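Here, each number is a calculation from the coordinates, and none is a lab measurement. What you see is a predicted model; the values in this text were computed from it and never measured. Virtual Cβ from ideal backbone geometry, glycine too; neighbours counted across all protein chains shown.
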Amino acid sequence: AEQAYASEDAAVEEGEDDEDEALVEETQTGDKYDADDLDKNSQDTDVTSHPDADTTIIFITGEDFPANEIVKFLVGFTNKGSQDFTVQSLEASFHYPQDYQFFIQNFTALPLGTVIKPNKQASFEYSFIPAQPMAGRPFGLVILLNYLDSEGGAFQSAVYNQTVTITEVDECLDGETIFMYIFLSGLFVLMVFGMYQVLESRMKKRVPMKVETSTGGLNDADISWIPPETLNIMKKTSPRASPRKRVTRSAGSTDQ
């Protein structure tokens, strides 16, 4: 059973009397009531709503009911009459769809004790968690609001009374998605590492190119375009000796 919380326009008084405890008892999933409990619940169904009370409901988490996840809703109460109403409690329960007297999961009643003045409104928040074994099957969801008029008359409004299907959350999908991302990331890293190894091996095998310098003289060059007169002058002119050779020659002549 789940604890519930209320948010309203008026102050919420916390307290639960013996009648509220007899009205709703906290049970575990799949617990079955005995004959006395069924008779008591059948008597409670005889309580009707007041014509001056108007109730609405909004499911905050959507109208899907996933198993083992929190379901939240807001119940609105409007006093359209000229007398005060005292909202006592808000309760919710799952029933067998073929027999609403058979409880499947009963949640703790939310004690309120809130006084609603004429032409005023109040809202109450309630939350519960459908049990995991209920996943994939339809059940009757009943949400009841209990209140009193100024004369102490007891009334009860069925805020919600429909058959809903408890959905099963596929938790394996997230695990498969995470595994896929990890696998793709590892594959990408391996591809980058392989490309790096290939490039590194090619760089090591690459041989530097040798640059050959020509040491030939005038005979190795193409001099066909030079005029003959110029060639004759170039042949007659003796090449100058380098300074090193001249120094060596001078030293040899001194020794003589």
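In this structure the amide hydrogen of VAL169, modeled in the peptide plane, comes within under 5 Å of the amide hydrogens of ALA67, none closer than 5 places in sequence on its chain.
Taking each residue as 0.36 nm, the span from GLU151 to PHE183 lengthens on full extension beyond its C-alpha to C-alpha distance by 4.5 nm.
Taking the range 75-98 and a reference point 7 angstrom along Cα→Cβ of ASP52, the backbone N atoms nearer than 18 Å belong to 77-88. Hey, if you drop one equal point scatterer on each alpha-carbon of the range 89-184 and run the Debye formula without solvent, what base-10 log of I(q)/I(0) do you get at q = 0.14 Å⁻¹? Log10 I(q)/I(0), no solvent term: -0.68. Between THR163 and GLN98, the contour length at 0.36 nm per residue exceeds the alpha carbon distance by 22.4 nm.
With the convex hull built on the Cα atoms of the range 119-172, state its orientation-averaged projected area in nm².
Working: hull surface 22.6 nm².
Reported value for the Cα convex hull: 5.7 nm².
Between ARG137 and GLU125, what is 0.36 nm times their sequence separation minus the Cα-Cα distance? Round to one decimal in nm.
Numbers: separation 12, 0.36 × 12 = 4.32 nm, distance 2.57 nm.
Result for the pair: 1.7 nm of gain on full extension.
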